[in-house]
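The values are calculated or read from the model by the stated rules, or taken from the named source; none is laboratory data. None of these values were measured; they are calculated from a predicted model. As a convention, Cβ positions derive from the backbone with ideal geometry for all residues, glycine included, and neighbour counts pool all protein chains shown.
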Amino acid sequence: MVLSVFKHLPSIRTKLKNFLSTMTNPIVQIKDGQLRGNILKLFDNSEYYSFKGIPYGQAPVGKLRFKAPLPIQPWKGIRDATEHGSVCPQFDVYTRQLNLGSEDCLFLNVYTKSINPNANKPVMVFIHGGAYMFGSGDDTLLGPEFLVQHDIVLVTINYRLEVFGFLCLDIPEVPGNAGMKDQVLAMQWVKNNIQQFGGDPNNITIFGESAGATSVTYHLLSPMSKGLFNKVIAQSGTCTVDWAQTIDAQDRAFRLCKVLGKETKDPIEALEFLQSVPSKDLIRKTFKTMTKEEEHRGLPMHFVPVVEKFDNAFLCEKPQDLLVAGKVHNVPLMIGYNNKEGMISLPIEIAKLEYRNKIPSSYIPRSICNNITADKLNEYGKRVKEFYCNGGDFKSEEVDTVCSVLSDVYFVSAIHIFTYNYAKISQSVYMYRFNFDTELNLLKSIMGLNMTGASHADELFYIFSCSFNRDMYQENKELKEIVDQVTRMWTDFAKSGNPTLNSPQIKWNPYTTNGKEFLNIDETYSTGKYADKENVEFWNKLYQEAGLMHINKSKL
């Protein structure tokens, strides 16, 4: 008898633990049903509430694959929200493996210090980057502690990626932008439910990095997103850059079919075929569908947002045209970039230098190429080498020069041009350049580059906690102070639209079209006018000559 009791002790303990958790874990009632979360600790031992894996849309599987998402159906009973939901199918760049995840991946996570519906705390909704090909809202990289300690409600989301989220067949059934419509549905969920988590539905900031930054700037333009947010933070990306826009989307879909063994030019036939393909065969197909031109020009991102051709579209015109026409949601915007963005592409780019030196016009963005003659394109290529190399060649040992051109082409010039044109409409714009270079710069560390500065995505580790930086934060007083200041700026902007600094001597002034004011985010927190002016003016002149959106001649 005694032996029998000992034999069953583990299962008895588990059942007791589960029973006790039902008694102590927080339960929140939302429109769709009840959720049971966790109570966790912040660094100062104060508590916060965690609700993970909350479904916001129906599983987009079977005949729903590639289509706009449908709202989640209500459930009965109490749904467990203590673990993340499945990630969307993707190629994991960190493990270099396919992550099949699940197509049933429309989940979000909520972190808050209060579940009092009358708390009215500012809400921050983060849209992850990852080239529209990988990533999730999971706390593996997007831990909430740094931000939640400032008493905001944080939401992180999943959305469909690559082919699953951005296939476009130019037919009403699959017009494109399913992944962007996932984001809209998640934002609608936040608007409708966040009060139950202590959040203020009338004070919502959407923010994102890289593809997430292009996403939030798309939401500034999309009629679908109107009224769902009150402020925007865009980190290292805008929707007007080439790599955030799909062209020839239907032809790309047909090329995808061919890669998978189906020759067709019929979009309905293509849809039926692609809906029958196992999900694992649809992952990482961007590279297989690229044209020869795309292999040498721009970043390898092509299943991304697209201008739709039908009613009720997420995007009905080119983002550049909408911005120039002033068709934007006029809300406060905080926008900026890291001082060595291009560092993230250096390992691949160095291998291409022989080609780049032979055909320097391959650096010219697609949008410019499509607006000029072949002779003009060659001239532009020569001007690039003249500007960056005094007419000589790019060299593998001169990594700062290569990094500079990559930063300017893919990030810096487009961000400046977007900011200038948005500031014509909005009076509340704050621009920054992130220069911190500490042990927290994980991306640079992973690449093993002996360079100063902040790579693309390095700022994320000053904003979100993860296994990499938690110990540093707790053990290194200097790093803790840096993280606390950076996150205070982000959360103060979310609270009031004004990102504040500890130092009364330094005031971060709003950006104006005349002054182009910005803040250097580093040890000095210095202010200035027209960041990287010489480089931006070089690229701006090319855009202007090509008849594209640009910055009017500076008075500075």
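Which residue pairs have Cβ atoms under 7 Å apart, sit 6 or more places apart or on different chains, and have a first residue in region 280-299 that is over 25 Å from Asp408 (Cβ atoms) and touching a residue at least 24 places away in the same chain (Cβ under 8 Å) and a second that is surrounded by 15 or more Cβ atoms within 10 Å (Cβ to Cβ) and of a type in the set (Val, Ile, Thr)?
Taking only residues 6 or more apart or on different chains, the pairs are Leu282/Val163; Lys285/Val163.
Is it the case that some residue within region 89-104 is under 23 Å from Cys239 (Cβ atoms), touching a residue at least 60 places away in the same chain (Cβ under 8 Å) and in contact with a helix residue (DSSP H, G or I) (Cβ under 6 Å, 6 or more places away or on another chain)?
Looking through region 89-104, none of the residues is under 23 Å from Cys239 (Cβ atoms), touching a residue at least 60 places away in the same chain (Cβ under 8 Å) and in contact with a helix residue (DSSP H, G or I) (Cβ under 6 Å, 6 or more places away or on another chain).
Checking the condition outside any helix (DSSP H, G or I), modelled with pLDDT of 95 or more and under 24 Å from Ile344 (Cβ atoms), which residue from Gly212, Gly208 passes?
Gly208
List the pairs whose first member sits in region 194-221 and is under 30 Å from Glu162 (Cα atoms), whose second member is of a type in the set (Lys, Arg), and whose Cβ atoms are under 6 Å apart, counting only residues at least 6 apart or on separate chains?
Thr205/Lys231
When the residues of region 97-149 are narrowed to those that are polar (S, T, N, Q) and over 17 Å from Tyr48 (Cα atoms), which ends up surrounded by the fewest Cβ atoms within 10 Å (Cβ to Cβ)?
Gln97
Hey, can you tell me all the residues within region 172-203 that are farther than 18 Å from Asn312 by Cα, in contact with a helix residue (DSSP H, G or I) (Cβ under 8 Å, 6 or more places away or on another chain) and buried (at least 24 other Cβ atoms within 10 Å of the Cβ)?
Gly199, the sole residue that qualifies.
If a residue has to be assigned to a helix (DSSP H, G or I), closer than 16 Å to Pro347 by Cα and among the polar types (S, T, N, Q) to count, how many in region 421-465 make the cut?
1
Tell me which residues, restricted to region 357-378, are surrounded by fewer than 13 Cβ atoms within 10 Å (Cβ to Cβ) and in a helix (DSSP H, G or I).
Within region 357-378, Lys358, Ala374, Asp375 meet the criteria.
Matching residues to (1) crowded, with 19+ Cβ neighbours inside 10 Å; (2) touching a helix residue (DSSP H, G or I) at 6+ places or on another chain (Cβ under 8 Å); (3) at pLDDT 95 or above; (4) among the polar types (S, T, N, Q):
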residue	(1), (2), (3), (4)
Phe6	no, no, no, no
Ile12	no, no, no, no
Asn18	no, no, no, yes
Pro26	no, no, yes, no
Gln29	no, yes, yes, yes
Gln34	no, no, yes, yes
Glu47	no, no, yes, no
Ala59	no, no, yes, no
Gln73	no, no, yes, yes
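Scan region 218-262 for residues that are within 19 Å of Ser407 (Cα to Cα), in contact with a Phe, Trp or Tyr (Cβ under 9 Å, 6 or more places away or on another chain) and of a type outside the set (D, E, K, R) and jot them down.
Ala234, Gln235, Ser236, Gly237, Thr238, Cys239, Thr240, Val241, Trp243, Ala244
Yes or no: Leu185 part of a helix (DSSP H, G or I), more than 27 Å from Ala59 (Cα to Cα) and more than 14 Å from the chain's Cα centre (by Cα)?
It is false that Leu185 is part of a helix (DSSP H, G or I), more than 27 Å from Ala59 (Cα to Cα) and more than 14 Å from the chain's Cα centre (by Cα).
Per-residue answers, yes or no, for (1) surrounded by fewer than 20 Cβ atoms within 10 Å (Cβ to Cβ); (2) hydroxyl-bearing (Ser, Thr, Tyr):
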| site | (1), (2) |
| --- | --- |
| Ile348 | yes, no |
| Glu354 | yes, no |
| Lys382 | yes, no |
| Ala414 | no, no |
| Thr419 | no, yes |
| Asp437 | yes, no |
| Lys444 | no, no |
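Considering every residue within region 382-404, establish whether at least one is under 13 Å from Arg297 (Cα atoms) and assigned to a helix (DSSP H, G or I).
No: region 382-404 contains no residue that is under 13 Å from Arg297 (Cα atoms) and assigned to a helix (DSSP H, G or I).
Residues that are farther than 26 Å from Ile446 by Cβ: list the helices (runs of 4 or more DSSP H) wholly contained in region 466-556 that include at least 3 such residues.
Correct list: 477-496, 533-545.
Among Gly129, Gly85, Gly101, which is the only one that is of a type in the set (Gly, Ala, Ser), under 16 Å from the mean Cα position of the chain (by Cα) and in a loop (DSSP other than H, G, I, E, B)?
Sole residue among the options that is of a type in the set (Gly, Ala, Ser), under 16 Å from the mean Cα position of the chain (by Cα) and in a loop (DSSP other than H, G, I, E, B): Gly129.
What are the residues in region 500-526 that are of a type in the set (Val, Ile, Thr) and without any contact (Cβ under 8 Å) to a residue 12 or more places away in the chain, if any?
Answer for region 500-526, where residues must be of a type in the set (Val, Ile, Thr) and without any contact (Cβ under 8 Å) to a residue 12 or more places away in the chain: just Thr524.
What number of residues within region 526-556 are in contact with a strand residue (DSSP E or B) (Cβ under 7 Å, 6 or more places away or on another chain) and crowded, with 17+ Cβ neighbours inside 10 Å?
Total satisfying the criteria: 1.
From the residues in region 150-171 that are of a type in the set (Phe, Trp, Tyr) and not in a loop (DSSP other than H, G, I, E, B), which one is surrounded by the fewest Cβ atoms within 10 Å (Cβ to Cβ)?
Only one residue fits best here, namely Phe164.
Give the residues of region 39-65 that are more than 30 Å from Gly165 (Cβ to Cβ) and either touching a residue at least 12 places away in the same chain (Cβ under 8 Å) or among the hydroxyl-bearing types (Ser, Thr, Tyr) (or both), sorted by residue number.
Ile39, Leu42, Phe43, Asp44, Ser46, Glu47, Tyr48
Closer than 20 Å to Pro172 by Cα, in contact with a helix residue (DSSP H, G or I) (Cβ under 6 Å, 6 or more places away or on another chain) and at pLDDT 95 or above: does that describe Leu256?
For Leu256, the condition - closer than 20 Å to Pro172 by Cα, in contact with a helix residue (DSSP H, G or I) (Cβ under 6 Å, 6 or more places away or on another chain) and at pLDDT 95 or above - is met.
Which residue, of Gly298, Gly227, is within 29 Å of Val324 (Cβ to Cβ) and in contact with a Pro (Cβ under 8 Å, 6 or more places away or on another chain)?
After ruling out the rest, the residue left standing is Gly298.
Phe468 fails exactly one of the following numbered conditions: (1) in contact with a Leu (Cβ under 7 Å, 6 or more places away or on another chain); (2) at pLDDT 95 or above; (3) farther than 24 Å from Val241 by Cα. What is the number of that condition?
Of everything listed in (1) in contact with a Leu (Cβ under 7 Å, 6 or more places away or on another chain); (2) at pLDDT 95 or above; (3) farther than 24 Å from Val241 by Cα, Phe468 misses just condition (2).
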